[in-house]
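To start, the structure itself, in structure tokens.
The values are calculated or read from the model by the stated rules, or taken from the named source; none is laboratory data. Treat the numbers as computed from the prediction; the structure is a model and nothing was measured. For neighbour counting, all protein chains shown are included, and Cβ atoms are generated from backbone atoms with ideal geometry for every residue, glycine included.
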Amino acid sequence: MSIRIVIADDHRILRAGLKTLLSTDSNLEVVGEAANFEETIQRAQELHPDIVIMDIGMPGMDGLAALPLLLQGAPQTRVLMLTMHEDNAILQAYLRAGASGYIIKRAAESELIDAIYVVWRGMIYVHPSLMRALITPPSKASPADSSEPESLTSREAEVLRLIVQGYTNRQIGGSLNISVRTVETHRSNIMDKLNLHSRVDLVRYAAQHGIVKMDDGH
């Protein structure tokens, strides 16, 4: 038995460390590496690995946008997200987008190998500290949090839902029959109105306010 793996992380030292770790198990074979999301998608399409271990914070396109593209090009590949973010909303966003697992970088070495086997068998692996997120709906934002959803227009709310679900600006434009430039304008307005600064902030906000039900099934 050989489980073929691609390691995707923008830090060369971390990739080397993961490769050394995985080499301790004779059933695990690292067949490729990638340093950004575009390379990861390409490696998955070329190599059709069983598993991609993928950091959520690489340069270039956003991870939530990259994941569906990777799975579209390599539908048999399972993706295990590797991250420093212990955030329920981000976890549920990635599971919704198609990830098969979510593991924290501070996890023990043995846990990563266990997670690989769980994902390879077709099950979902979630780091123990975040297991509660699978049965507990995202908490509502407190009054001191960002602006209320009512500050968004109906079109901005539509754009926000699609952004959080991992759609690219071009895909959002096609879905709503508007130009990419208009999508970019809506996105900028959303960020300004809600005082948010990244897609991670948008995911957390959408989950807190029930704009996207992250705990729904795929």
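Could you figure out which of (1) in contact (Cβ under 8 Å) with a residue 12 or more places away in the chain; (2) farther than 18 Å from L14 by Cβ isn't true of G60?
All conditions pass for G60, except number (2).
Among residues belonging to region 95-136 that are among the polar types (S, T, N, Q) and at pLDDT below 90, point out the one that is nearest to V30 (Cα to Cα). Walk me through how you get there before you give the answer.
So the first thing to find is which residues in region 95-136 are among the polar types (S, T, N, Q), and the list is 100, 110, 129, 136.
With at pLDDT below 90 added as a condition, the list becomes 110, 129, 136.
On the way: S110: 17, S129: 27, T136: 35 Å.
It comes out as S110.
Given the residues V30, V126, which is the only one that is closer than 17 Å to L18 by Cα and assigned by TED's automatic domain parsing to the domain that holds G17?
On the way: V126 fails: closer than 17 Å to L18 by Cα.
Of the residues listed, the single one that is closer than 17 Å to L18 by Cα and assigned by TED's automatic domain parsing to the domain that holds G17 is V30.
Filtering region 26-66 down to residues that are farther than 17 Å from R96 by Cα, in contact with a Gly (Cβ under 7 Å, 6 or more places away or on another chain) and of a type in the set (A, V, I, L, M, F, W, C), which residue is surrounded by the most Cβ atoms within 10 Å (Cβ to Cβ)?
Among residues in region 26-66 that are farther than 17 Å from R96 by Cα, in contact with a Gly (Cβ under 7 Å, 6 or more places away or on another chain) and of a type in the set (A, V, I, L, M, F, W, C), the one surrounded by the most Cβ atoms within 10 Å (Cβ to Cβ) is A44.
Residues that are basic (K, R): which strands (runs of 3 or more DSSP E) entirely in region 1-81 hold 1 or more of them?
By residue number, 3-8.
With the requirement that a residue be assigned to a helix (DSSP H, G or I), within 17 Å of A93 (Cα to Cα) and in contact with an Asp or Glu (Cβ under 8 Å, 6 or more places away or on another chain), what does region 154-200 give you?
R199, V200
Return the residue satisfying two criteria in turn: it lies in region 67-77 and is buried (at least 19 other Cβ atoms within 10 Å of the Cβ) and in contact with a Gly (Cβ under 8 Å, 6 or more places away or on another chain), and of such residues it is nearest to S198 (Cα to Cα).
So the residue we want is L67.
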